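Data first, discussion second: the structure below is written as structure tokens.
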């Protein structure tokens, strides 16, 4: 029996404000989940991530299977004891990563075989093994194994992947029932590429099953922005209203604002942390490439409206200097800023929802970030 | 007029417990100063450094001259506004770094000419320019320009360097008198290589001058440990009792404990932060190379007696995993631990001094760290 509960406290159109109760605490939704692929956000220890205001952390079963291995983590007390992160943890199953391996993997009805990119060892994921591993880790939210096709792809192939994803979802639920002692939740993943009929079919078939939540996968795989948004606006509002909806691996503040408007509750993306390490900072005035020469003498904080550990104490000029000097502290401060920025940003969306003024807030963010952003929103987590 | 005040509250033999009052706050001595060469400790923003318990940060005039330049920092409000570090800041003059440049520098009585390792531009340090720059930055404690010879070196050359260092010290004091609006302090540096008569002469000549404090330089330049310790035990106890004594660039916990016993008050060293980045951790039980396979399954914190952000939350096994996976978070957590460890360690020496049991404490640390440590204590800051 899942320890997850979800309730909606207010709505505006198709958007909703809610709370997700997990075995490791509450998550106010809409929520952004910082990505700690290997158990920690790159540059941030567990306390630093808390300080950013994170409510929930995402990790990745594929990466943890390779390093250090699921048994190892379980022996060390499970994923919470191991990472030191005390709040809820959602693990992606790693379907996206495995299917991205190309020649290194072979897929069949049973599951997928692949080789470790580190030592060449042979590994196998099945829908059952993936659920069992996540239960073994003690995660709060587990994701099913899905087949996440690239784009472009023909409709027949997309349909084949969607149907296999569905059959795997059914097997995942069966496996879940074998782990009664695990209080975590299991989310399904809606696939179907960018074919509206396939997506509609995937969503309605999965919605009939007793999943704890529903994700939209296969978005942000290299398609044009309009295609991804079409999937979100088509699918999200129709997913079961009483369960959380999660858009995987998306995206810019504009993408997230758009999806919140269409009823999505949960997000993850490597964009804030990855871009931070390259010196691209998100602000309430748009992105800022801190290595640019014009910031060398700029005494202002990265974002005057931000109260992160970076903006509280140092200037754009100092951060520019640290980046130009190749200092590791540059990446650490920039990551803390970007992660805090995303968390504050979804906090603003929650406040707007609570006070009934989401529409204008969403429009503002879309205008701000769609106008400028050539930044890829491709993600480690499909 | 310097804003520095120093008072000794208790002594045990030649060792002393005291407090240094600077324009940016108090420093309880003996104190360890973490090294933020370019304005921040590698991996730690200003708040993270505070969280480690640092009372004072060290930066380096040579490195700041190259990047981003002294004028730039002054324009941005001085070194405190620029780094975001609100406590006292001591800058090393960079003499050690300049003299290490070999063919890239030329020394004469006036000062030293050198080329930037970044862009080849020609630069010049004189005793006067170095004091003026540090005053311009607004540091709390400035160091004179000294001639820091390598080891081994002949006695005639060592004497020449010591005498030039003395003449430069006199000029530095004169320059200091031209910056009445700067409340910072100026410390002399005792040189003389490993020739006891030269060291004695340097110390007695400098002690007659109105410096705010006295440093022992030219130790930890590649000599055998016994040579460096002989200089410390010979020179430190005889330096003016009413002013702080600073041993530059030293060292292991054993080295520091030894020097505290002989009356040294201030220390800096890159050892904790540099070793951390390579996975060598200091603990109350000796050093620990966290990348070793035996730590892969070790559920204990790095040091069960430590309460740093790393030890509070994660195991040796998790830190091992982060290092093995090449995660930047590994370096960040390890640095926070090592810096905290050094700060806690000198805190223990202060407590032992206050309660009159320093001797046994020093013996314990020397036994623990001299027995094992093949680690170089060479430093960025002479």
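Quote the convex hull volume per residue of region B:5-270, based on C-alpha atoms, as a whole number of Å³.
Hull volume normalised by residue count: 120 Å³.
Mind telling me which of A:146, A:181, A:212 comes out most flexible in a GNM of chain A, alpha-carbon contacts under 10 Å?
Among A:146, A:181, A:212, the largest GNM mean-square fluctuation belongs to A:181.
Which value in deg cm²/dmol, rounded to the nearest 500, describes the helix-derived mean residue ellipticity at 222 nm for the protein assembly as shown, given -39,500 (n - 2.57) per DSSP H run of n ≥ 4 and division by the residue count?
-12000 deg cm²/dmol
If I take every Cα pair under 8 Å that is 6 or more residues apart in chain B, average their sequence separation and divide by the length, what percent do I get for the relative contact order?
Reported as a whole number, the value is 19 percent.
Mind checking which of A:89, A:70, A:216 has the largest fluctuation in a GNM of chain A, springs on alpha carbons under 10 Å?
Result: A:70 has the largest fluctuation of those listed.
Among B:49, B:266, B:104, which one shows the highest mean-square fluctuation when chain B is modelled as a Gaussian network with alpha-carbon springs under 10 Å?
B:104
Between rounded, prolate and oblate, where does region B:71-129 land on the alpha carbon gyration tensor, with a ≥ b ≥ c its root eigenvalues, rounded for a/c under 1.5, else prolate if a/b exceeds b/c?
prolate
Any idea what angle helix A:127-137 forms with the longest principal axis of chain A, computed on alpha-carbon atoms, 0 to 90 degrees, nearest 10?
Long axis of A:127-137 versus the principal axis of chain A: about 50 degrees.
Return the FRET efficiency for the residue pair residue B:180, residue B:5: r is the Cβ-Cβ distance, R0 is 22 Å, and the value is rounded to the nearest 0.05.
0.80
For region A:276-372, I need the span (max minus min coordinate) of the C-alpha atoms along each principal axis, in Å, sorted largest to smallest.
Each principal axis gives a Cα extent; for region A:276-372 these are 46, 25, 21 Å.
On a 0 to 90 degree scale, rounded to 10, what angle separates helix B:225-235 from the longest Cα axis of chain B?
With both axes taken from Cα atoms, the answer is about 50 degrees.
Placing the label point 7 Å from Cα along the Cα-to-Cβ direction, what are the distances from residue A:109 to the equivalent spots in the other copies, shortest first, in nm to one decimal?
When each copy's label point is compared with this one, the spacings are 9.6 nm.
Would you please classify the overall shape of region B:200-264 from the alpha carbon gyration tensor, given that a ≥ b ≥ c denote the square roots of the eigenvalues, rounded means a/c under 1.5, and beyond that prolate means a/b larger than b/c while oblate covers the rest?
In terms of gyration-tensor shape, prolate.
How high is the relative contact order of region B:9-90? Use alpha-carbon pairs under 8 Å, at least six apart in sequence, and give a whole percent.
Once divided by the residue count of region B:9-90, the mean separation gives 29 percent.
What's the center-to-center distance, using Cα atoms, between region A:132-175 and region A:278-340 in Å?
Going from one Cα centre to the other spans 39 Å.
What's the center-to-center distance, using Cα atoms, between region A:1-32 and region A:178-223 in Å?
Using only Cα atoms to place each centre, the spacing works out to 17 Å.
Looking at the calculated P(r) for the protein assembly as shown, what percent of the C-alpha pair distances fall above 34 Å?
The answer is 53 percent, as a whole percent.
Pop the C-beta distance of residue A:371 and residue B:107 into the FRET formula with R0 = 45 Å and round what comes out to the nearest 0.05.
With a Förster radius of 45 Å, E is 0.20.
Under the convention of a label 7 Å out along Cα→Cβ, give the distances in nm from residue B:240 to the same position in every other copy, shortest first.
Values, ascending and in nm: 8.0.
Given region B:14-125, what whole percent of its Cα pairs are spread farther than 19 Å?
52 percent
Say a label goes 7 Å from Cα toward Cβ at residue A:359 in every copy; what distances in nm does this one have to the rest, shortest first?
Those separations, rounded to one decimal, come out as 8.3 nm.
What angle, in degrees between 0 and 90 and rounded to the nearest 10, separates the Cα long axis of helix A:155-176 from the longest principal axis of the Cα atoms of chain A?
That works out to roughly 80 degrees.
Pairs of alpha-carbon atoms within less than 8 angstrom and 6+ residues apart define the contacts here; what relative contact order does region B:56-184 have, in percent?
Reported as a whole number, the value is 26 percent.
Roughly how many whole Å is it from the C-alpha centroid of region B:39-65 to that of region A:61-120?
Measuring centre to centre over Cα atoms gives 37 Å.
None of the figures in this text is laboratory data; all of them are computed from the coordinates on show. Computed from a prediction, not measured in an experiment: that's the story for all the values here. Using ideal geometry, Cβ is built from the backbone for each residue, glycine included, and neighbour counts are taken over all protein chains shown.
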